[in-house]
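Data block below; observations after.
The values are calculated or read from the model by the stated rules, or taken from the named source; none is laboratory data. Note that the structure is predicted; figures quoted are calculated from it, not measured. Counting neighbours? That spans all protein chains shown, and the Cβs are built from the backbone with ideal geometry, glycine included.
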Amino acid sequence: MKRIIVLALGMLVLALLASGCTTQPTSTPPPVTTTGTVPPGSPIVGAWVLQSMTNAGTPVALIPGTTITATFTQAGLLSGSDGCNQYSGSYTLSGSQIQVSPNLVSTMMACEPAVMDQAQAYTRMLIAPSTWMVSGDQLTIQDTATGKNVLVYGKPVPPTTTMAPAPSPAGSWDLTAMTIVKDGSSVVQNPAGTIYAVFEQDGTVDGFGGCNQFSGTYTTTGSTIAVKDVITTLMSCGNQLDTQENAFLITLQAASTFENTGTGLTIMTTSTPPGKLVFAAGTAVATPVPPALVGNWGLTKMTKNGVAITLVSGVQPTAMFTADGAISGMASCNQYSGSYVLTGSSAIAIGPLATTRMMCSTDVMNQETNYLGILEKAATWEVSGTGTLKITDSTSSKNTLEYSKIA
């Protein structure tokens with residue numbers, strides 16, 4: 001069961017790599033990134049880990065504790081980590097030449113300045129026109145302009161350790177009470193609304209904080225636990241829910257120990273006084289994706305607060321739903337991608353979504369903001385007998401998106 005529902009940490013600063021941010025003064029949105037051209041059996045296909053980087057002829061020592069990766073697929077897709085954020089895009093080969101799409105999609109986490117600088121330098125070299133060569137288990141990418149910018153990768157080393165042993169927090173959990181630290185004292189709160197967390201066996205965690213969806217990662221050793229890399233949607237639901245959600249996410253990320261009884265999960269922090277999250281076993285069950293939803297859809301109507309929003313002429317948001325729970329498309333000005341999960345016959349949760357960061361005219365940007373605002377808060381979906389896909393958000397039945405299938 002994969003319950004991917006992602007939400008907003010009020011105080012988390014999401015940083016954008018400078019290399020991924022450009023300006024487009026025209027009102028015409030950028031084209032959707034397509035897969036590149038890759039000859040069959042190309043040795044570049046596979047997963048690679050950066051071993052060395054030479055910038056302007058000078059070797060650059062990689063920062064300890066950071067791992068930079070690149071995975072090239074036969075379909076011309078590229079994904080990996082720049083040492084701070086996950087990225088994805090496409091690439092094209094022509095003989096010994098390689099061109100990575102400059103419009104890479106990236107998550108927006110903030111890291112130490114030195115790590116961010118390293119990530120920017122890596123991305124700048126990766127997207128530059130270059131040559132490539134595979135020799136044994138080594139991939140070398142070198143820029144064609146100066147020949148002084150070089151990326152050298154090796155094959156990843158197979159893990160020598162197994163997953164963290166039992167006990168495990170894995171499961172779907174509904175928050176029933178939380179103890180937070182406030183003014184130097186422990187304060188017990190019975191949460192308003194619904195708050196839950198889903199800990200997956202693969203070390204990921206996602207859920208709903210009462211206002212926003214969130215996702216992140218966790219590691220365990222015995223009964224100790226660390227939750228990190230939490231990203232969220234960025235909605236506001238009023239002072240009470242916003243404050244409660246911030247307290248929940250702060251406590252979750254400060255987690256140090258846990259106890260799983262099978263019917264309940266308790267997470268404790270090491271602060272003085274300590275914080276605590278008390279969960280009961282949840283009942284959510286993921287639903288397989290029906291064929292009716294799978295495919296590429298073009299937006300035909302958007303309604304906000306019951307009022308139809310006039311779509312910008314020639315600028316149509318799209319949504320591609322795949323059978324494995326991935327979603328991507330054009331938001332209006334920017335491309336986006338992420339994941340979704342279905343529950344029951346009509347419930348849907350979308351996110352987190354990563355987007356490019358282009359700028360277009362005001363009307364196009366406003367349309368994109370409205371579109372993503374409804375899409376990321378999606379609660380239900382249905383495909384009518386006439387083939388119209390309708391998505392309704394979680395805040396109001398008057399906020400809807402309607403699509404028709406793109407042939």
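Quick notes
- Pairing each residue of region 62-80 that is touching a residue at least 24 places away in the same chain (Cβ under 8 Å) with any residue that is among the charged types (D, E, K, R) and buried (at least 16 other Cβ atoms within 10 Å of the Cβ), provided the two are 6+ apart or on different chains, yields C-beta distances under 7 Å for Ile68/Asp82.
- Taking first residues from region 112-123 that are over 13 Å from Leu151 (Cα atoms) and partners that are polar (S, T, N, Q) and surrounded by 17 or more Cβ atoms within 10 Å (Cβ to Cβ), the Cβ contacts under 8 Å between residues at least 6 apart in sequence or on separate chains come to Val115/Thr66; Gln120/Ser19.
- Unique residue being of a type in the set (A, V, I, L, M, F, W, C) and in a helix (DSSP H, G or I) when the list is Leu401, Leu372: Leu372
- Contact map, region 185-203: first residue under 25 Å from Asn239 (Cα atoms) and of a type outside the set (A, V, I, L, M), second residue modelled with pLDDT under 85 and in a loop (DSSP other than H, G, I, E, B), Cβ cut-off under 6 Å, separation 6 or more or different chains; pairs are Ser186/Pro273; Gly193/Gly210; Tyr196/Gly282.
- Checking every residue in region 382-397 against the condition of being touching an Asp or Glu at 6+ places or on another chain (Cβ under 8 Å) and in a loop (DSSP other than H, G, I, E, B) gives at least one match.
- The single condition from (1) more than 30 Å from Thr221 (Cβ to Cβ); (2) part of a strand (DSSP E or B) that Met268 fails is (1).
- Residue match in region 102-123 (condition: of a type outside the set (Gly, Ala, Ser) and over 29 Å from Thr233 (Cβ atoms)): no
- Restricting attention to region 349-369, the residues that are aliphatic (A, V, I, L, M), assigned to a loop (DSSP other than H, G, I, E, B) and touching a strand residue (DSSP E or B) at 6+ places or on another chain (Cβ under 6 Å) add up to 1.
- Residue list for region 206-221, filter: of a type outside the set (Gly, Ala, Ser) and touching a residue at least 24 places away in the same chain (Cβ under 8 Å): Asp206, Phe208, Cys211, Asn212, Gln213, Phe214, Tyr218, Thr219, Thr220, Thr221
- Single residue of Pro156, Pro169 found to be assigned to a loop (DSSP other than H, G, I, E, B), modelled with pLDDT of 85 or more and buried (at least 19 other Cβ atoms within 10 Å of the Cβ): Pro169
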